[in-house]
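The values are calculated or read from the model by the stated rules, or taken from the named source; none is laboratory data. Predicted model, so just to flag it, every value in this text is computed and none were measured. Please note: Cβ atoms are built from the backbone with ideal geometry, for glycine as well, and neighbour counts cover all protein chains shown. Accessible surface areas use protein heavy atoms only, side chains included; no ligands, DNA or RNA. Shrake-Rupley method; radii C 1.70, N 1.55, O 1.52, S 1.80 Å.
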Amino acid sequence: MAKSKYYVVWVGAQPGIYSSWGECQQQVNQFTGAKFKAFESRSEAEKAYALGWKAFWGKQGGTSTASKSGKSRSTGTGKSPAVDPGDIDYDSISVDVGTRGNPGPVEYKGVDTQTGDIIFSRGPIPKGTNNLGEFLAIVHALAYLHQQGSSKTVYSDSANALKWVKQKKAVSTLPRDASTREIWELVDRAEAWLRTHTYNNKVLKWHTKDWGEIKADYGRK
């Protein structure tokens with residue numbers, strides 16, 4: 001069973017503390033300059049809400065603070081300083097995957113990071129994995145932006161998929177058989193696109209711990 005999280009909305013339609021990502025999304029989607037973050041416990045969330053967003057925005061677990069130069073410095077806790085992920089580039093597309101089992105039916109979508117509006121979606125694909133779906137979503141976003149002549153950033157919360165996009169090859173143990181034919185055909189096409197196209201878009205990791213769930217999240221945690 002997934003561990004519950006609490007979502008602090010400092011700046012949004014109705015600031016407060018929410019116990020589900022769906023409730024949080026209602027407050028921040030299509031709200032310019034929204035500030036929100038996920039916490040592991042209600043008490044942490046209450047303290048964070050009282051302190052205000054400036055005390056937490058772009059920080060990890062309170063182990064480091066960012067200087068004006070953008071670097072991080074230790075707070076004397078004995079822990080290694082965390083890297084400040086910086087601010088979210090809202091002029092971007094965020095992608096995510098929804099699965100029913102892993103492997104299982106897969107769907108993915110890309111949304112406007114600022115508004116949460118859906119730009120594209122695909123699925124459900126009969127059988128695949130979360131990482132393969134994330135890989136397809138990133139490449140779909142890149143192909144879409146290439147067609148639009150746009151240099152917007154693409155965000156994904158999947159480290160594996162980001163690595164696969166960089167190496168232009170999805171490395172998965174999912175068997176190739178009749179049940180997985182559709183997703184593997186899409187993956188083969190995505191790999192071919194990466195090999196034959198260039199792009200100047202930044203493809204970045206979404207820092208869930210610092211920024212809350214990615215805007216394209218399906219809410220199936």
Cross-chain or 6+ apart pairs with Cβ under 9 Å, the range 27-52 first and in a helix (DSSP H, G or I), then open to solvent by 50 Å² or more (accessible area, probe 1.4 Å) and of a type in the set (D, E, K, R): 45/5
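Condition check ((1) open to solvent by 10 Å² or more (accessible area, probe 1.4 Å); (2) over 19 Å from residue 213 (Cα atoms); (3) modelled with pLDDT under 95) across all residues:
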site	(1), (2), (3)
110	no, no, no
130	yes, no, yes
159	yes, no, yes
169	yes, yes, no
172	yes, yes, yes
Residue 163 vs. criteria without any contact (Cβ under 8 Å) to a residue 12 or more places away in the chain, surrounded by fewer than 22 Cβ atoms within 10 Å (Cβ to Cβ) and under 20 Å from the mean Cα position of the chain (by Cα): yes
Lone unmet requirement of (1) under 12 Å from residue 96 (Cβ atoms); (2) assigned to a loop (DSSP other than H, G, I, E, B) for residue 133: (2)
Residue count, the range 184-220 (criterion: crowded, with 18+ Cβ neighbours inside 10 Å and more than 13 Å from residue 139 (Cβ to Cβ)): 11
Residue in the range 189-197 that is within 16 Å of the chain's Cα centre (by Cα) and of a type in the set (A, V, I, L, M) present: no
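Could you tell me how many of the residues in the range 174-183 are open to solvent by 90 Å² or more (accessible area, probe 1.4 Å), closer than 18 Å to residue 124 by Cβ and charged (D, E, K, R)? Even if it seems obvious, please write down each step before you answer.
Filtering the range 174-183 for residues open to solvent by 90 Å² or more (accessible area, probe 1.4 Å) gives 176, 178, 181.
After this cut, where a residue has to be closer than 18 Å to residue 124 by Cβ as well, the list is 178, 181.
Now narrow it down to the ones that are charged (D, E, K, R): 181.
Summing the residues that are open to solvent by 90 Å² or more (accessible area, probe 1.4 Å), closer than 18 Å to residue 124 by Cβ and charged (D, E, K, R) in the range 174-183 gives 1.
The rows are residues; the columns are (1) over 15 Å from the mean Cα position of the chain (by Cα); (2) at pLDDT below 80.
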| position | (1), (2) |
| --- | --- |
| 17 | yes, no |
| 33 | yes, yes |
| 103 | yes, no |
| 114 | no, no |
| 118 | no, no |
Residues being touching a helix residue (DSSP H, G or I) at 6+ places or on another chain (Cβ under 8 Å), on the phi < 0 side of the Ramachandran plot and either loosely packed, with under 13 Cβ neighbours inside 10 Å or not in a loop (DSSP other than H, G, I, E, B) (or both) - total across the range 14-26: 3
